[in-house]
Amino acid sequence: MKIEDVRRTAYSMPLTNPSFPPGPYRFFDREYFIITYKTDLEALQAVVPEPLEVAEPVVKYEFIRMPDSTGFGDYTETGQVIPVRFRGEEGAYTHAMYLDDEGPIAGGRELWGFPKKLAKPKIEVESDVLVGSLHYGSVLCASATMGYKHRKVDHDTVLKSMTAPNFILKIIPHVDGSPRICELVRFHLEDITLKEAWTGPAALGLFPHALCDVARLPVREVVSALHFKADLTLGLGSVAFDYMAR
């Protein structure tokens, strides 16, 4: 393979058999189960990187079921998203993500910098309850429940939250282990078709684990719960802040 061939074809690893295809990436019937809860302000300030600012002592614990996505297939993920401000604009910082599919783990980390790790999240309906769980290996790390479709939610409110900017800290090391890329990435969800949205009573438990530290942001009070489905495109990002720039 010639040098020009490498330059022309390289976008991911392995070079001749990448873990995911080029985008864009469209998701159909993407199902969200989100519990918003209050936590300790000091705990948030310890994990949210400047120049982002913590907007309030609140975390959104998310379960997302993706049964049909171009390039990435069928998978489930879960994690924590923190409301933040960036230069006066309201947005959300993705703090942690756990999922069960190698393709979107590789693509999410390499393209955007999503903090993805391999684990076993689930969303399922048990009788009249929506249930979300996260196991890291055999250990239960998160358990969420919500009354199934108790009350409809205004679609405009949900769409407003979905169109807000999202931020991620992308880190790619140099061959000597030092950071070669360290930047704050900004991205949006695009071409959203919201199909349904519901709320109901909810509960959330987070449990300590050495390598799955969702309990680092403890649950002090459940504020609200949201369950909705949508079609959308995951937009590619832009660099909002470069930590390596002098």
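The values are calculated or read from the model by the stated rules, or taken from the named source; none is laboratory data. Note that the coordinates shown come from a computational prediction; the quantities given were computed from them, not determined experimentally. With ideal geometry, Cβ positions are generated from the backbone for all residues, glycine too; neighbour counts draw on all protein chains shown. Surface accessibility is based on the protein's heavy atoms, side chains included, excluding ligands, DNA and RNA. Shrake-Rupley method; radii C 1.70, N 1.55, O 1.52, S 1.80 Å.
Please enumerate the residues belonging to the range 164-183 that are under 28 Å from Gly137 (Cα atoms) and either of a type in the set (Asp, Glu) or open to solvent by 30 Å² or more (accessible area, probe 1.4 Å) (or both).
Those that are under 28 Å from Gly137 (Cα atoms) and either of a type in the set (Asp, Glu) or open to solvent by 30 Å² or more (accessible area, probe 1.4 Å) (or both): Leu169, Ile171, Ile172, Pro173, Gly177.
Among the candidates Leu44, Leu52, single out the residue that is over 23 Å from Gly205 (Cβ atoms) and surrounded by 16 or more Cβ atoms within 10 Å (Cβ to Cβ).
Leu52
Among all residue pairs at least 6 apart or on different chains, which show Cβ distances below 8 Å where the first residue, located in the range 229-246, is assigned to a strand (DSSP E or B) and the second is of a type in the set (Val, Ile, Thr) and open to solvent by 60 Å² or more (accessible area, probe 1.4 Å)?
Pairs found: Ala230/Thr193; Asp231/Thr193; Leu232/Thr193.
Of all the residues that make up the range 189-222, how many are assigned to a loop (DSSP other than H, G, I, E, B), of a type in the set (A, V, I, L, M) and open to solvent by less than 50 Å² (accessible area, probe 1.4 Å)?
2
Leu204: of a type outside the set (Lys, Arg) and without any contact (Cβ under 8 Å) to a residue 40 or more places away in the chain, yes or no?
No; evaluated as a whole, the condition is false for this residue.
Say we look at the range 55-68 and pick out the residues that are without any contact (Cβ under 8 Å) to a residue 60 or more places away in the chain and open to solvent by less than 20 Å² (accessible area, probe 1.4 Å); which of these is nearest to Ser133 (Cα to Cα)?
Ile64
Looking at (1) part of a strand (DSSP E or B); (2) open to solvent by 10 Å² or more (accessible area, probe 1.4 Å); (3) not hydrophobic (A, V, I, L, M, F, W, C), which is the only condition Thr78 fails?
(2)
When you look at Glu110, is it closer than 26 Å to Val239 by Cβ and out of contact with any strand residue (DSSP E or B) (no Cβ under 7 Å at 6 or more places or on another chain), yes or no?
Judged against the criteria, Glu110 is a match.
I need the full set of residues from the range 1-39 which are assigned to a loop (DSSP other than H, G, I, E, B), loosely packed, with under 13 Cβ neighbours inside 10 Å and not small (Gly, Ala, Ser), in order please.
Those that are assigned to a loop (DSSP other than H, G, I, E, B), loosely packed, with under 13 Cβ neighbours inside 10 Å and not small (Gly, Ala, Ser): Met1, Lys2, Met13, Pro14, Leu15, Thr16, Asn17, Pro22, Pro24.
Take Arg186 and tell me if it is open to solvent by 60 Å² or more (accessible area, probe 1.4 Å) and of a type in the set (D, E, K, R).
Against the criterion (open to solvent by 60 Å² or more (accessible area, probe 1.4 Å) and of a type in the set (D, E, K, R)), Arg186 does not qualify.
List every residue pair whose Cβ atoms sit under 7 Å apart, with the two residues 6 or more apart in sequence or on different chains, where the first one lies in the range 166-179 and is farther than 11 Å from Trp112 by Cα and free of Cβ contacts under 8 Å to residues at least 60 places away in the same chain and the second, anywhere, is open to solvent by 30 Å² or more (accessible area, probe 1.4 Å) and hydroxyl-bearing (Ser, Thr, Tyr).
From the range 166-179, no pairs qualify.
Quick one: in the range 136-161, which of the residues that are of a type outside the set (Val, Ile, Thr) and surrounded by 18 or more Cβ atoms within 10 Å (Cβ to Cβ) is nearest to His209 (Cα to Cα)?
Among those residues, the one meeting the criterion is Cys141.
Go through the range 55-112 residue by residue and tally those that are touching a Pro at 6+ places or on another chain (Cβ under 7 Å) and β-branched (Val, Ile, Thr).
4
Determine which member of the set Gly103, Gly71, Gly107 is open to solvent by 30 Å² or more (accessible area, probe 1.4 Å), outside any strand (DSSP E or B) and touching a residue at least 40 places away in the same chain (Cβ under 8 Å).
Answer to the check: Gly71.
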